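Asks: Have a look at this one before I ask anything.
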Amino acid sequence: MSTTEPTTTEPINDSLDGALLTAARGRRSDHLPVWFMRQAGRSLPEYRARRQGTVMLQACQDPDLVTELTMQPVSRHGVDAAILFSDIVVPLVVAGIDVDIVPGVGPVIEAPVRSLEDVRALPQLDPAGLDFLGTAVRRLVAELDSTPLIGFSGAPFTLAAYLIEGGPSKDHALTKAFMYGRPELWDELLSALAEYASVFLRVQAAAGASVLQLFDSWAGALPAAAYERYVLPYSRRVFASLDDLDVPRIHFGVGTGELLGLMAQAGAEIVGVDWRVPLAQAVSRIGPGHPVQGNLDPAILLADWDVIEAAVREVVGQGRDAPGHIFNLGHGVLPQTDPEVLTRVVDLVHSLPAR
C-alpha cells in the first residue's frame, strides 16, 4: 500500500472492511478498533492451561495450538483483530539457528554472531520450512471469518541485537560496538535479517493475513542519528519488499518516542506508539497522513477502574488528531492483568465516539 493514499476523517460504513482495516487506511469508521499486543498470553487462564507442559518455540510451530491460542482472546474479549501466536525469534529458529526461550530470561542464542565467519555462516530462511506458518494462518483466516488476522515479524535490528548479545540486554553494548565499529559487516548481517523478516511476513500475507506488523523491540536503545544510519535502511527494505501486497503495515518499537518521525519514513502505513510519549505529541512527530496505534500504559490496567477509564478516554481523545487510530497498549499485556479488565476496556473503547 502507498503512504500517499488520500485520507479522510469522515466516518464511513465499515461493514465490508471492519473497523481495524478502515482505520489502517486512514479513515474513521463507526467505532474505534481495539486489540492488544500479547493478548494471547499469560493473562488468560485458558492460555496458561493450554500451554502447560509445552515449550514456547514448539508451540509456535504447532498449527493446531497456534490456532487455538490465537483465537482465545478474540472469543473472550471481542477485540477487532487477532494477532498470530508466535515469537519474534521464530524466523531464526526455522533458519536453523540454535535459540531457546528461557523462562524468566527470554530468547537465548547458543552461539552468538560476532565475527565475519559467524555472519557468513548464517543460513538462508527457506520458505519451504514455513509450512506450519502458512497452515496456521489459513486455518485462522477461515475461523476468524471477517475479523482481521495480524501477522508479524521481528525487525532486522532487534533480531541482530539478540544474535549479537546472545540474549536480552540492558545496554546493547555489544550490538552498538558491532554496528559502529564494523559498518560493512553490519550491513551484511542486517541485509540477511531483512530477508528473514521479508520471507516470514510474505508467507503470512500469502496465507491470508490482513495486516502485517514489524516489531523493533530494541530500537529505542539508539539515538536518532544512529537509527537513521544503521537501522532505518533495513526496516525500509523489509517494507519495500511488501509493496506489491495489498496489506496495511504497522511499524512498532519500544522506547522510540524520539524516533517516531524517522520510523514513519520506513514505509509502513501505521506507526505504533509506546506509552512513554503522549499520543497527541506522537501524532505531531509522525507527521500527516499516518494512522497511529497505541498507546495505553500496560501498567494502568492494574489500577482501579476509574483510573483505567480516565486513561482510556485520554488516549482515545488524543488519537483523534490522527487520520486513523487503532487503540492498543503501548506494549504487551502484563501477565498479572485481570482479563475481565481487558474485556471492559474493549467495551469502553467501542462505546466512545470514533471521531
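The values are calculated or read from the model by the stated rules, or taken from the named source; none is laboratory data. What you see is a predicted model; the values in this text were computed from it and never measured. Note: ideal-geometry Cβ built from the backbone for every residue, glycine included; neighbour counts use all protein chains shown.
Asks: Got at least one residue in region 68-79 being within 21 Å of F215 (Cα to Cα), touching a Pro at 6+ places or on another chain (Cβ under 9 Å) and not acidic (D, E)?
Replies: The answer is yes, given that some residue of region 68-79 is within 21 Å of F215 (Cα to Cα), touching a Pro at 6+ places or on another chain (Cβ under 9 Å) and not acidic (D, E).
Asks: For the list (1) touching a strand residue (DSSP E or B) at 6+ places or on another chain (Cβ under 9 Å); (2) surrounded by fewer than 17 Cβ atoms within 10 Å (Cβ to Cβ); (3) not in a loop (DSSP other than H, G, I, E, B), I need the number of the one condition that F200 fails.
Replies: (2) is the only condition that F200 fails.
Asks: Now a separate question. Kindly indicate whether V273 is of a type in the set (A, V, I, L, M) and over 20 Å from G220 (Cβ atoms). Lay out the reasoning, then the answer.
Replies: Values: of a type in the set (A, V, I, L, M): yes; over 20 Å from G220 (Cβ atoms): no.
No.
Asks: Here is a follow-up. Which pairs do you get when a residue that is under 11 Å from Q213 (Cα atoms) and at pLDDT below 95, found in region 237-259, comes within reach of a residue that is assigned to a helix (DSSP H, G or I) and β-branched (V, I, T), reach meaning Cβ atoms under 8 angstrom, with the pair 6+ apart or on two chains?
Replies: Correct list of pairs: empty, since none qualify.
Asks: Scan the helices (runs of 4 or more DSSP H) fully inside region 60-141 and keep the ones with 1 or more residues being on the phi > 0 side of the Ramachandran plot. So that I can check it myself, show each step before the final result.
Replies: Details: elements: 63-77, 90-95, 116-120.
Ranges flagged: none.
Asks: Restricting to region 142-168, and then to whatever is assigned to a loop (DSSP other than H, G, I, E, B) and touching a residue at least 12 places away in the same chain (Cβ under 8 Å), can you tell me which residue is surrounded by the fewest Cβ atoms within 10 Å (Cβ to Cβ)?
Replies: Going through region 142-168, the residues assigned to a loop (DSSP other than H, G, I, E, B) turn out to be 145-148, 155, 166-168.
Within this subset, residues satisfying the condition of being touching a residue at least 12 places away in the same chain (Cβ under 8 Å) are 146-148, 155, 166-168.
Values: S146: 10, T147: 19, P148: 24, A155: 29, G166: 16, G167: 17, P168: 15.
Result: S146.
Asks: Name the residue that is nearest to P335 (Cα to Cα), counting only residues in region 289-307 that are of a type outside the set (A, V, I, L, M) and without any contact (Cβ under 8 Å) to a residue 12 or more places away in the chain. Give the derivation first.
Replies: Of all residues in region 289-307, those of a type outside the set (A, V, I, L, M) come to 289-291, 293-295, 297-298, 304-306.
Then drop every residue that is not without any contact (Cβ under 8 Å) to a residue 12 or more places away in the chain, which leaves 304, 306.
Details: D304: 17, D306: 21 Å.
Per the criteria, the residue is D304.
Asks: Being of a type in the set (G, A, S) and under 24 Å from V277 (Cα atoms) is the filter; apply it to region 202-224 and report the residue that is nearest to the chain's Cα centre (by Cα). Lay out the reasoning, then the answer.
Replies: First, the residues of region 202-224 that are of a type in the set (G, A, S): 205-210, 217, 219-221, 224.
Cutting the leftovers down to under 24 Å from V277 (Cα atoms) gives us 217, 219-221, 224.
Details: S217: 9, A219: 13, G220: 15, A221: 17, A224: 21 Å.
By that ranking, first place goes to S217.
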